Amino acid sequence: MSDPYETTEQHLDRLLRRALNSFDLPDSTVDLLGSALAHSSSLYSSHHSPVLHRETYRHTFLLADGSDLTLWELVHSGGRDEQESRRHELYADEGDAHIAAARLAGSLSDAPAFGDEAGRGEMETLTVLMSAPPAPTPRTYAPDNSADHARRVLRRAENGDRPGEEKARLLRAAFAHHITQVFGRQCEVDGQKAGFTLYEHAFLLLDGSETSLWEVEHTATPDGRHMCEVYEDEETARAAMESRTGIC
């Protein structure tokens, strides 16, 4: 529920200030929200376990032209320490919010670690990472500001060999997209737990053709933080996951 004593301007300012990733919101979205006249907030979903507390909130804004715009807020904290600071993330795209929630409550947080069973070594980790993906389900494209979604996926990629300007130009013609989680696993890398998730962002272009971006999210970093890498094809993305298993 919305705070009756908080103006829409104050509510939006509070959301943007506390979100860790507010800089990643499209500029066009932030500009539109500047004309918001009213707002409503509600709990969309939640997940609570001994190791994770997570809620997703839907914030809908009424704009000056009579249309509405929604922000999706992900709030999470470690369940083992209730005093741990809650972290806030904001997304303009519902699909991005689902991916972030799945990263926390599914593949990266709740999946069993390989190290929990005796006899599982690095070779088995590599085998699972390189295993064939499940049979694909029928793809349903959703027209939802897809060119901007592609731009944001490319912008958050941290790998130097991410797709270049040619791919970015091609994706400007995207008018619909579909996100599929192809792989998700938590494993032990050099004595530390690390999570790997692989997503296919498939795009339908104006000429009827299709193209994809392959996004790897993982925590095989020195400080355990989440890192995003984006590749042109699935084979290269899986090879990158394999190479990451050797990083301390």
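On the stretch given as the stretch 190-217, residues that are farther than 25 Å from Ser146 by Cβ and either among the acidic types (Asp, Glu) or free of Cβ contacts under 8 Å to residues at least 60 places away in the same chain (or both) total 4.
A count restricted to the stretch 31-63 and to residues that are surrounded by fewer than 15 Cβ atoms within 10 Å (Cβ to Cβ) and not hydroxyl-bearing (Ser, Thr, Tyr) stands at 8.
Residues in the stretch 81-106 that are modelled with pLDDT under 85, within 21 Å of Lys193 (Cβ to Cβ) and not hydrophobic (A, V, I, L, M, F, W, C) were compared, and the one that is surrounded by the most Cβ atoms within 10 Å (Cβ to Cβ) is Arg103.
Of the numbered criteria (1) outside any strand (DSSP E or B); (2) under 21 Å from Ile99 (Cα atoms), the one Gln181 fails is (1). Among the residues of the stretch 232-240, is there at least one that is surrounded by 13 or more Cβ atoms within 10 Å (Cβ to Cβ), in contact (Cβ under 8 Å) with a residue 12 or more places away in the chain, in a helix (DSSP H, G or I) and charged (D, E, K, R)? There is at least one residue in the stretch 232-240 that is surrounded by 13 or more Cβ atoms within 10 Å (Cβ to Cβ), in contact (Cβ under 8 Å) with a residue 12 or more places away in the chain, in a helix (DSSP H, G or I) and charged (D, E, K, R).
Taken as a whole, the condition of being under 18 Å from the mean Cα position of the chain (by Cα), modelled with pLDDT under 90 and either within 19 Å of Asn21 (Cβ to Cβ) or not in a helix (DSSP H, G or I) (or both) applies to Ser109.
The values are calculated or read from the model by the stated rules, or taken from the named source; none is laboratory data. Keep in mind the model is a prediction, meaning the values are calculated, not measured. For neighbour counting, all protein chains shown are included, and Cβ atoms are generated from backbone atoms with ideal geometry for every residue, glycine included.
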